[in-house]
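All remarks here apply to the structure that follows.
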Amino acid sequence: MTIRTVVNGRPVTEPIPVRWTLAEFVRDRLGLTGTKLSCGMQVCGVCTVLVDGRPVSACSYLAVDVDGCEVTTIEGLADAGSLHPIQAAFVDHFALQCGFCTPGFIMMAKSLLDENPRPTRKDVVDYLDGNICRCTGYQPIIDAIVDASERMTP
Amino acid sequence: MSVLPPFELHRPTSIEEVVELISWDDLPYVGGTELLLAMRAGLLNPRSLIDLKGVAEITGVRAHNGAVRIGAAVTHQQAATTEVISEKLPELPPVLLHVGNPRVRWSGTLAGNLCFAEPKSDVIPFLIALDATVTLVSADGSREMSVREFIIGPYFTARTEHELLAWIDIPVVPGRRGTYLKYQVMERPTVGVAAVRLDEGDSTITRVVVGAAGEVPVVHDVDHAHPDRSAVATAVVDALEPIDDLTGSSDYKRHVTAVYVERALEKLERM
C-alpha cells in the first residue's frame with residue numbers, strides 16, 4: 001500500500017507492506033534510526049514519535065495509520081544544526097547516561113510542553129510515567145524538562 | 001524481517017461494511033494497542049484487520065437517551081477531553097487519564113479495552129460500576145447488554161464471531177458520585193477499586209467493583225449511603241478470588257484490596 005505522509009517537514013510518498021510498524025518505516029525505510037526500540041509493547045517509551053502532534057509508540061503502531069498525517073521523530077527537533085531547547089536542557093542537566101532512552105524522553109517532553117507549556121514537576125512525573133530509564137537518571141530528566149519549559153516560555 | 005505476520009487491510013466507512021467483513025479471522029482495530037501485541041507474540045494471526053477509524057458513526061461521543069454514547073473508535077484521551085463527558089460524566093475523565101500511559105491513551109479505545117477483556121483493565125470495573133452497556137451489531141441486527149454481562153472471563157467476552165461492539169452507553173444519573181483508586185507499582189495494577197454512590201428511588205446504593213486482583217471483577221452492592229467501610233472491605237475480600245501473579249500473591253492482594261476498598265469508600269464519602 002502507498003502511504004502519503006510528512007516526516008519532519010518533508011513530504012514522503014512510499015509503498016510499504018501493510019504489516020509494517022511505524023518503527024520499521026522510519027528506521028528501515030527512511031533511515032531515521034534516532035527512534036530506538038526496546039520493549040515492543042508500549043511500556044518503555046524509547047520508540048516515541050509524534051503523529052499529528054500526539055505521542056505514539058512506533059513499535060506498536062501500524063505505519064499505514066500515518067497515511068495523511070504528519071510525523072515528527074527525534075531527528076525533526078533540531079533546527080539547522082542548532083539543538084531544540086529540550087535537547088539543550090538535556091545536555092545542560094546531564095539528563096542521560098547511556099542515552100538509549102533519551103530520544104523517547106525528549107519526544108514525550110515535546111508532546112507534554114506542546115500541550116502544557118508550564119508543567120509542574122508533578123505534571124512532568126505523571127506524564128513520563130510510561131518512560132523507562134535503566135541508568136536511573138530520572139531526577140536530571142525532570143530538571144531538564146522543567147528548565148526547558150522555562151526557556152521556551154520565559 | 002517484519003515483527004508482525006502478514007495480513008490484509010480494510011478501510012470501511014460504514015458499520016454495514018464492517019459487519020460484512022468481521023469474523024474471528026478478520027478483526028476490527030483502531031490503535032491496535034492490544035491487538036498488535038497479541039499478533040506480535042504469535043497469539044493471533046488474522047487474515048485481515050478492519051480499520052474502524054473511517055467509520056463516522058462510531059468516531060464520536062454524544063448524549064443519547066439519558067446516556068452518553070461513546071463510539072467504538074473513540075480513544076481514552078478523546079473521551080477524557082470531550083465536552084459532553086466533562087459535563088455529564090465528570091467522574092470518568094480522571095479514570096481515563098490514568099489508563100496506561102499517554103501513548104496508550106492517544107491510540108487505545110474504551111471499546112477495544114472491553115473487547116480485549118484484560119483482567120487488569122482500569123476501564124472495565126469503572127464501567128461496570130456506572131451500569132454501562134455495550135451494543136453489539138451484526139448483519140442480522142443488534143443487541144444491547146451490560147458490561148457486567150459482556151465480560152465473561154479473562155480475555156473472554158460475550159461478543160460472537162460476526163458482531164462489532166459499536167458503542168458504549170453510560171447512563172447519566174444526576175447526583176451520582178464515583179471514584180476509582182488503584183494500587184500499581186509496575187505497568188499493571190495489583191488492584192483497582194471503583195466505588196459509586198447512587199440514589200435509587202427512596203434508597204441509596206453504594207457499589208464497589210474490584211478489578212485486577214482476580215480473573216473477573218467482583219461487584220458488591222450495599223443498600224446504604226454511608227456503609228461501614230471495614231464491613232464492606234471484609235465482604236468484598238471474601239468474594240474475591242485473587243490469583244498469584246507478578247503484581248502480588250493472592251494473600252497480598254486480599255490485604256491490598258481491603259485497604260483500597262476502605263480508601264475508595266472514604267474518598268467517596270467526601271464527594
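The values are calculated or read from the model by the stated rules, or taken from the named source; none is laboratory data. Since the structure is predicted, the reported quantities are computational estimates derived from the model, not experimental observations. Using ideal geometry, Cβ is built from the backbone for each residue, glycine included, and neighbour counts are taken over all protein chains shown.
How many residues does region A:64-84 hold that are under 14 Å from the mean Cα position of the chain (by Cα) and either among the basic types (Lys, Arg) or part of a helix (DSSP H, G or I) (or both)?
Qualifying residue count, region A:64-84: 3.
Could you please let me know if B:Asp51 is under 24 Å from B:Ser142 (Cα atoms), buried (at least 16 other Cβ atoms within 10 Å of the Cβ) and more than 8 Å from chain A (Cβ to nearest Cβ)?
When the stated conditions are applied, B:Asp51 does not pass them.
Could you check region A:123-140 and list, in sequence order, the residues that are more than 10 Å from chain B (Cβ to nearest Cβ), surrounded by fewer than 17 Cβ atoms within 10 Å (Cβ to Cβ) and part of a helix (DSSP H, G or I)?
Those that are more than 10 Å from chain B (Cβ to nearest Cβ), surrounded by fewer than 17 Cβ atoms within 10 Å (Cβ to Cβ) and part of a helix (DSSP H, G or I): A:Asp123, A:Val125, A:Tyr138, A:Gln139.
Going through A:Asp126, A:Asp65, A:Asp28 one at a time, which residue ends up being of a type outside the set (Ser, Thr, Tyr) and over 28 Å from B:Pro46 (Cα atoms)?
Going through A:Asp126, A:Asp65, A:Asp28 in turn, just one is of a type outside the set (Ser, Thr, Tyr) and over 28 Å from B:Pro46 (Cα atoms): A:Asp126.
Looking at region A:46-63, which of its residues are in a loop (DSSP other than H, G, I, E, B) and either facing another protein chain (nearest Cβ under 7 Å) or hydroxyl-bearing (Ser, Thr, Tyr) (or both)?
Within region A:46-63, A:Tyr61 is the sole residue that qualifies.
Got at least one residue in region B:203-211 being polar (S, T, N, Q), part of a strand (DSSP E or B) and in contact with a strand residue (DSSP E or B) (Cβ under 7 Å, 6 or more places away or on another chain)?
yes
Could you tell me whether region A:109-122 includes any residue that is within 14 Å of chain B (Cβ to nearest Cβ) and of a type in the set (S, T, N, Q)?
yes
Sort out which residues of region B:76-93 are closer than 17 Å to B:Val172 by Cβ and either touching a residue at least 40 places away in the same chain (Cβ under 8 Å) or at the interface with chain A (Cβ under 9 Å from one of its Cβ atoms) (or both), and write them in order of number.
B:Lys88, B:Leu89, B:Glu91, B:Leu92
Let me confirm something: among B:Ala239, B:Ala213, which residue is within 23 Å of the chain's Cα centre (by Cα), under 24 Å from B:Phe150 (Cα atoms) and exposed (fewer than 15 other Cβ atoms within 10 Å of the Cβ)?
Testing whether each residue is within 23 Å of the chain's Cα centre (by Cα), under 24 Å from B:Phe150 (Cα atoms) and exposed (fewer than 15 other Cβ atoms within 10 Å of the Cβ) leaves just B:Ala239.
If I filter region B:20-41 down to residues being in a helix (DSSP H, G or I), under 23 Å from B:Gly71 (Cα atoms) and more than 22 Å from the chain's Cα centre (by Cα), which single residue comes out as farthest from the other protein chains (Cβ to nearest Cβ)?
Residue satisfying both the conditions and the ranking: B:Glu20.
Has region B:256-264 got any residue that is of a type in the set (Val, Ile, Thr), assigned to a strand (DSSP E or B) and more than 20 Å from the chain's Cα centre (by Cα)?
Looking through region B:256-264, none of the residues is of a type in the set (Val, Ile, Thr), assigned to a strand (DSSP E or B) and more than 20 Å from the chain's Cα centre (by Cα).
Just give me the residues in region A:30-43 being surrounded by fewer than 17 Cβ atoms within 10 Å (Cβ to Cβ) and either polar (S, T, N, Q) or within 12 Å of chain B (Cβ to nearest Cβ) (or both), in sequence order.
Residues satisfying the conditions are A:Thr33, A:Ser38, A:Cys39, A:Met41.
If a residue must be in a loop (DSSP other than H, G, I, E, B) and either farther than 15 Å from A:Met152 by Cβ or in the same structural domain as A:Gln42 (by TED's automatic domain parsing) (or both), how many such residues does region A:94-122 contain?
9
Acidic (Asp, Glu) and touching an Asp or Glu at 6+ places or on another chain (Cβ under 9 Å): which single residue out of A:Glu75, A:Glu115, A:Glu150, A:Glu70 fits that description?
After ruling out the rest, the residue left standing is A:Glu70.
Mind listing whichever residues of region B:139-164 are surrounded by fewer than 19 Cβ atoms within 10 Å (Cβ to Cβ) and over 25 Å from B:Glu241 (Cα atoms)?
Passing the criteria: B:Ala139, B:Asp140, B:Gly141, B:Ser142, B:Arg143, B:Glu144, B:Thr160, B:Glu161, B:His162.
For B:Val68, which of the numbered conditions (1) out of contact with any strand residue (DSSP E or B) (no Cβ under 6 Å at 6 or more places or on another chain); (2) under 28 Å from B:Asn101 (Cβ atoms) fails to hold?
(1)
Table: residues versus (1) closer than 19 Å to A:Asp114 by Cα; (2) touching a residue at least 12 places away in the same chain (Cβ under 8 Å); (3) touching a Phe, Trp or Tyr at 6+ places or on another chain (Cβ under 7 Å).
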position	(1), (2), (3)
A:Glu14	no, yes, no
A:Asp28	no, no, no
A:Leu37	no, yes, no
A:Gly40	no, yes, no
A:Val56	yes, yes, yes
A:Pro85	yes, yes, no
